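Working notes, beginning with the structure itself.
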Amino acid sequence: MEAKKNPIHKDFYEQVKDKFNLPPRISLSCLREASFIARSVINNPENKDGKCVIKSYRVRIDGYSYKLIEDKGYVISIRIYGFGEIEIEGFPREWFVRYLDWYQGEAILKMEENKVVFLMTVKKRVKTPAISEKCIAVDLNFEEIVIGNFERIARIKTPMKKIMHIKKNHIERAQMKYNKQWRFVKGIRKAITRWWKKSTTLMITLQSKHR
């Protein structure tokens, strides 16, 4: 499979680069995006017919292939090396100034409602803070909350399992059994309200215990 894939990749890369006069990095980005779409179609067991439905067209641009520029009229444009400049509408200048000293990350150009939308990421290197013995770790799980530090650990049981049992086995089952009729039957409405109050009380009790 790999042996067959390499010449296909090379042929696709050359055709895209020559036909659309794209710079090498942009052509490679198109190749990666096409490969990702092809793999998702081939590896999808539910797609027996091999149909490919593309919801949006997009291309990824690495941070070394473009640059944001600003002219004196506060017009923000993106300069893609080897391709040209594209003016960006609706780009807030405050955002541009705020992240001016950050590193440019990967950008995406994609089609949305007959418009080309520009998305970009910014990066900044920060110093990792030193580990302090005074810090506390909190782990939120479905059945318990774990709080601890270097010396001790506390485990707080949550009523989430019981609440989900009430919701699934009482409220949802009643609503599914009687469909839309439960809204008009007083006894069923009262039972559902009672179960909701019970689940809410369980959460309030947990909060009041550990304030």
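The values are calculated or read from the model by the stated rules, or taken from the named source; none is laboratory data. Quick caveat, the model's predicted, so the values are computed rather than measured. Here the Cβ is made from the backbone with ideal geometry for all residues, glycine too, and neighbour counts use every protein chain on show.
Before moving on, here are some points about what is shown:
- Look at the stretch 23-37: where a residue is under 22 Å from Glu85 (Cα atoms) and a partner is loosely packed, with under 13 Cβ neighbours inside 10 Å and among the hydroxyl-bearing types (Ser, Thr, Tyr), sitting 6+ places away or on another chain with Cβ atoms under 9 Å, you get Arg25/Tyr64.
- Some residue of the stretch 111-123 being touching a residue at least 40 places away in the same chain (Cβ under 8 Å) and acidic (Asp, Glu): yes
- Among the residues making up the stretch 86-127, a single one is at pLDDT below 85 and among the small types (Gly, Ala, Ser): Gly90.
- Checking the stretch 33-40 against the condition returns a match, with at least one residue being modelled with pLDDT of 75 or more, over 23 Å from Gly105 (Cα atoms), hydroxyl-bearing (Ser, Thr, Tyr) and not assigned by TED's automatic domain parsing to the domain that holds Phe96.
- Matching entry among Ala191, Ala174 (being at pLDDT 80 or above and small (Gly, Ala, Ser)): Ala191
- Restricting the search to helices (runs of 4 or more DSSP H) fully inside the stretch 69-183 and requiring at least 2 residues that are β-branched (Val, Ile, Thr) and either surrounded by 14 or more Cβ atoms within 10 Å (Cβ to Cβ) or not assigned by TED's automatic domain parsing to the domain that holds Met203 (or both) gives 160-166.
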